[in-house]
1. Test GLU46 against the stated conditions and say whether it is of a type in the set (D, E, K, R), touching a Cys at 6+ places or on another chain (Cβ under 7 Å), buried (at least 17 other Cβ atoms within 10 Å of the Cβ) and touching a residue at least 12 places away in the same chain (Cβ under 8 Å).
2. Only residues that are over 19 Å from ALA236 (Cβ atoms) and under 17 Å from the mean Cα position of the chain (by Cα): list them for the stretch 1-29, please.
3. Could you please find all residues in the stretch 6-64 being in contact with a His (Cβ under 9 Å, 6 or more places away or on another chain), part of a loop (DSSP other than H, G, I, E, B) and among the aromatic types (Phe, Trp, Tyr)?
4. Among ILE242, ILE235, which is the only one that is of a type in the set (Val, Ile, Thr), under 23 Å from the mean Cα position of the chain (by Cα), surrounded by fewer than 17 Cβ atoms within 10 Å (Cβ to Cβ) and closer than 19 Å to THR6 by Cα?
5. List every residue pair whose Cβ atoms lie under 7 Å apart, where the two residues are 6 or more positions apart in sequence or sit on different chains, the first residue falls within the stretch 76-100 and is under 22 Å from GLN45 (Cβ atoms) and in contact (Cβ under 8 Å) with a residue 60 or more places away in the chain, and the second residue, located anywhere, is among the hydroxyl-bearing types (Ser, Thr, Tyr) and crowded, with 19+ Cβ neighbours inside 10 Å.
6. Looking at LEU254 and the list (1) among the hydrophobic types (A, V, I, L, M, F, W, C); (2) under 28 Å from PHE92 (Cα atoms); (3) surrounded by fewer than 18 Cβ atoms within 10 Å (Cβ to Cβ), which single condition is not satisfied?
7. Against the conditions (1) part of a loop (DSSP other than H, G, I, E, B); (2) out of contact with any helix residue (DSSP H, G or I) (no Cβ under 9 Å at 6 or more places or on another chain); (3) free of Cβ contacts under 8 Å to residues at least 40 places away in the same chain, where does LEU289 fall short? Just the number, please.
8. Would you be able to say whether some residue in the stretch 253-268 is under 30 Å from HIS30 (Cβ atoms), at pLDDT 95 or above, touching a helix residue (DSSP H, G or I) at 6+ places or on another chain (Cβ under 8 Å) and in a loop (DSSP other than H, G, I, E, B)?
Amino acid sequence: MVENKTLRVGIVQDLGYQTPQQSYDSIEKHLRDCKQQGVQCVLLQELHSHLYFPQTETVDHFDLAETIPGPTTDFLCRLAKELQLVIVSSIFEKRAPGLYHNTAVVIEKNGEIAGLYRKMHIPDDPGFFEKFYFTPGDLGFTPIDTSVGSLGVLVCWDQWFPEAARLMALQGADVLLYPTAIGWSDEDNQAEQQRQRDAWITVQRGHAVANGLPVLVANRVGTEENTLFWGSSFIAAQQGEILSQANQNDKTVLVADLSLTRTEHVRRIWPFLRDRRIDAYSDLTKRFLK
């Protein structure tokens, strides 16, 4: 009999803010709320310390970047230690002059940085000009070990790629977590908006199903320039069932209990890892096959 292991997780769905201090004030309030609800691990949204700046290309935005450690990690490390929380954050990292990353930072409940994940898939679409700012990650798809489990942290555009989720699962991740900033253009009609949001939810629920792992997704809300961020943050369990979901408009905290032990049960009845034809997948490393 496998011992039952339950993890209470939280997601903060919030606005983007003009200044880091405004973001810090809001985050602190939400983290204290999570603590009061018995949360052990909290996921924040992508690039939470400021507005989503890659909607335009200008070198002035590089001034928003910060080092790791730096002001945001110092703030979160202090709160993590005080509140005894594992925090998954998302930072515009200045690694060196002219070298910047979109980086997730996992902070342990003792206030120490447990590890980094640098976003691997970088989009370049209207309103999401991230290739101008971010160098693709060089840390691979490696889960980060913490006191609450092994966290497979990916970032936003990574959420469309099943390969990323699979590689995290194959390295022993207990949970997949996606800090996100995604929304609609003001040119999208209602039908297109619905298709996009449904696809975004479906593909990430698919990662839960295909890997037998819980999935946490944190998105922002509010209108910034020409983008309406659609919120809809959610927590899904190992068979893709949604345990908790936010609406499309409001700042909120989501809380759910995850049975990490259930991964064993689900993978016994759906043994996808057993039946993978790893001998036949070599062509996946090619760009296209025709």
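1. The answer is yes for GLU46.
2. ASP14, LEU15, GLY16, ILE27 - these are the residues of the stretch 1-29 that are over 19 Å from ALA236 (Cβ atoms) and under 17 Å from the mean Cα position of the chain (by Cα).
3. TYR17
4. Details: ILE235 fails: surrounded by fewer than 17 Cβ atoms within 10 Å (Cβ to Cβ).
The conditions single out ILE242.
5. Between residues of the stretch 76-100 that are under 22 Å from GLN45 (Cβ atoms) and in contact (Cβ under 8 Å) with a residue 60 or more places away in the chain and residues that are among the hydroxyl-bearing types (Ser, Thr, Tyr) and crowded, with 19+ Cβ neighbours inside 10 Å, the close pairs are VAL86/THR146; SER89/THR72.
6. Unmet condition: (3).
7. Here LEU289 meets the rest and fails (2).
8. The answer is no, given that none of the residues of the stretch 253-268 is under 30 Å from HIS30 (Cβ atoms), at pLDDT 95 or above, touching a helix residue (DSSP H, G or I) at 6+ places or on another chain (Cβ under 8 Å) and in a loop (DSSP other than H, G, I, E, B).
The values are calculated or read from the model by the stated rules, or taken from the named source; none is laboratory data. These numbers were taken from a predicted model, which means no experiment stands behind them. Backbone-built Cβ (ideal geometry, glycine too); neighbour counts: all protein chains shown.
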